[in-house]
1. Among the residues of segment 97-139, which ones are of a type in the set (Val, Ile, Thr) and assigned to a loop (DSSP other than H, G, I, E, B)?
2. So, in segment 1-21, exactly how many residues are part of a loop (DSSP other than H, G, I, E, B) and among the basic types (Lys, Arg)?
3. So which pairs qualify, if the first residue must be in segment 56-75 and free of Cβ contacts under 8 Å to residues at least 60 places away in the same chain, the second must be surrounded by 10 or more Cβ atoms within 10 Å (Cβ to Cβ) and among the basic types (Lys, Arg), the Cβ gap must be under 7 Å, and the two must be at least 6 apart or on different chains?
4. Taking residue 108, is it modelled with pLDDT under 95 and within 16 Å of the chain's Cα centre (by Cα)?
5. In this structure, is residue 156 at pLDDT below 95 and more than 17 Å from residue 23 (Cα to Cα)?
6. Could you list, in sequence order, the residues of segment 111-145 that are over 13 Å from the mean Cα position of the chain (by Cα), surrounded by fewer than 20 Cβ atoms within 10 Å (Cβ to Cβ) and touching a residue at least 60 places away in the same chain (Cβ under 8 Å)?
7. Residue under question is residue 120, and the condition is that it be in contact with a Phe, Trp or Tyr (Cβ under 7 Å, 6 or more places away or on another chain) and among the charged types (D, E, K, R); does it hold?
8. Being among the charged types (D, E, K, R) and under 29 Å from residue 17 (Cα atoms) narrows it down to one residue among 99, 63; which is it?
Amino acid sequence: MNKKKTTLYLLRGVIAVLLVLHLFTIFHFSAEAAPQSDRTSTSLIETLLKTVSPSFSSLSPERQAETVQSLQKSVRTLAHFAEFCYLGALLCALLLTFRLRQKGLLCGFFGCVLTALGDEVHQLLIPGRTFQWADIAVDSCGAALGMAAMGLLVWLAARILQKTKQKRGTAI
């Protein structure tokens with residue numbers, strides 16, 4: 001097997017492993033019962049606020065709790081968006097290693113949408129969690145952005161490589 005094929009197979013393997021690990025991460029967060037999910041997001045918000053706003057720690061416990069509570073919905077929405085943005089980027093990268101273009105990427109996007117749907121159905125089985133169409137919409141937008149960003153990065157990298165090869169060819 002030549003070096004290019006070996007590198008391609010290795011790249012596919014790494015991306016596939018990252019993709020599977022990320023799907024397990026999504027499943028793990030969906031499997032948290034409502035109180036645990038609230039604690040997870042509360043802890044994240046508190047950590048972020050303490051990092052970006054040192055004055056947060058000087059607030060009274062009641063005011064800290066109010067601030068954290070006021071950010072819950074936004075942070076949860078952003079988390080949904082980000083986890084599916086990453087999923088879309090990984091899936092796009094994997095599909096592009098197979099040279100799949102429009103139809104393949106469209107199927108990949110619908111795979112992300114089905115994953116979002118499955119995530120919401122899964123939450124119906126978890127105490128205190130609910131099915132929300134809005135989450136599917138946010139997840140789908142995240143996946144679309146992740147796929148578009150990865151597609152753009154791969155396209156730019158290919159253009160840069162192509163120009164580098166052209167310069168080397170003319171310099172010889």
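1. Residues of segment 97-139 of a type in the set (Val, Ile, Thr): 97, 113, 115, 121, 126, 130, 136, 138.
Within segment 97-139, 126, 130 meet the criteria.
2. 0
3. 56/50; 57/50
4. So residue 108 passes the test.
5. In short, no.
6. Those that are over 13 Å from the mean Cα position of the chain (by Cα), surrounded by fewer than 20 Cβ atoms within 10 Å (Cβ to Cβ) and touching a residue at least 60 places away in the same chain (Cβ under 8 Å): 122, 126, 127, 128, 129.
7. For residue 120, the condition - in contact with a Phe, Trp or Tyr (Cβ under 7 Å, 6 or more places away or on another chain) and among the charged types (D, E, K, R) - is met.
8. Values: 63 fails: under 29 Å from residue 17 (Cα atoms).
After applying the criteria, what remains is 99.
The values are calculated or read from the model by the stated rules, or taken from the named source; none is laboratory data. What you are looking at is a predicted structure, and each value in this text was computed from that prediction instead of being measured. Cβ coordinates were reconstructed from backbone atoms using ideal geometry, including for glycine residues, and neighbour counts include every protein chain displayed.
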